[in-house]
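Taking it in order: structure first as C-alpha cells, then the write-up.
What follows draws every value from the coordinates through simple rules; no lab data is involved. The model shown is predicted, which means the values in this text are computed figures rather than measured ones. Virtual Cβ from ideal backbone geometry, glycine too; neighbours counted across all protein chains shown.
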Amino acid sequence: MSTVHDSVSQFSELNYCVLLPTYNNAGTIKDVINRILKITDRLIVINDGCTDNTAEILSEFDELHVITHPQNQGKGKALQNGFDEAIKLGYSNAVTIDSDGQHFPEDISIILSAAAENKGSLIVGARQLENAGQPGKNSFANRFSNFWFTVETGLKLP
C-alpha cells in the first residue's frame with residue numbers, strides 16, 4: 001500500500017492526474033515531485049530526453065508513472081504523450097505543472113476547484129509574467145501562448 005494518499009479526494013469524481021514534463025530540471029524536480037505527492041499519487045512524469053541526472057532522481061520514486069523519450073522532443077510533444085498516456089490509464093482530466101519550480105503544486109487544489117465548478121472547461125492558471133527571476137525565453141513563451149489563446153478564444157488572460 002502506498003504511503004501517499006490523495007488528499008484532494010473530494011475531487012475524485014473529476015478522475016484527474018497530474019502531468020509533469022521535465023527536461024534537465026534535476027535541481028528542482030525532486031522537490032516538485034515530493035510536493036505533488038503530498039497532494040496526490042496520480043502523477044505521470046514525462047522525461048523528455050534529459051541528459052542530466054533526472055532519470056536517476058525519478059528512479060528513487062516507486063509510485064511514479066514515467067514516460068521516457070530517448071531524446072528531447074520538446075514540451076509540446078511531452079505534454080501530448082502525457083495526455084495520451086493519461087487517456088490510456090483511464091483518466092478524464094489532467095493538471096499540468098512544470099518541473100522547474102516556478103509553479104506551486106499546492107495550487108493544484110485551486111485548479112481542481114475551478115474544474116469542479118466548471119465541468120467540461122479548460123482551466124488556465126493566470127501567470128505572473130513580470131517575475132523578476134523568470135528567464136527571458138519563458139516570459140516570451142508565456143506572452144506568445146497568451147496571444148494565441150486570445151486569438152483562438154477571444155478571451156484575454158490576466
Based on the Cβ-Cβ distance from ALA126 to ASP84, what FRET efficiency comes out when R0 is 25 Å, to the nearest 0.05? 0.35
Using a Cα-Cα cut-off of under 17 Å, which aspartates and glutamates could be cross-linked to LYS75, ignoring same-chain neighbours fewer than 8 residues away? ASP48, ASP52, ASP84, GLU85, ASP98, ASP100
Filter the trypsin sites (Lys or Arg not before Pro) in the range 46-124 to those in DSSP coil with at most 13 other Cβ atoms within 10 Å of their Cβ, and list the result. LYS119
Rounded if a/c under 1.5, otherwise prolate or oblate - the range 74-121, Cα gyration tensor axes: oblate
Want the number for ASP98 to ASN118: 0.36 nm per residue separation, take away the alpha-carbon distance, what's left? 4.9 nm
Return the lysines within reach of LYS38: Cα separation strictly under 18 angstrom, same-chain partners fewer than 8 residues apart disregarded; answer none if there are no such residues. LYS30
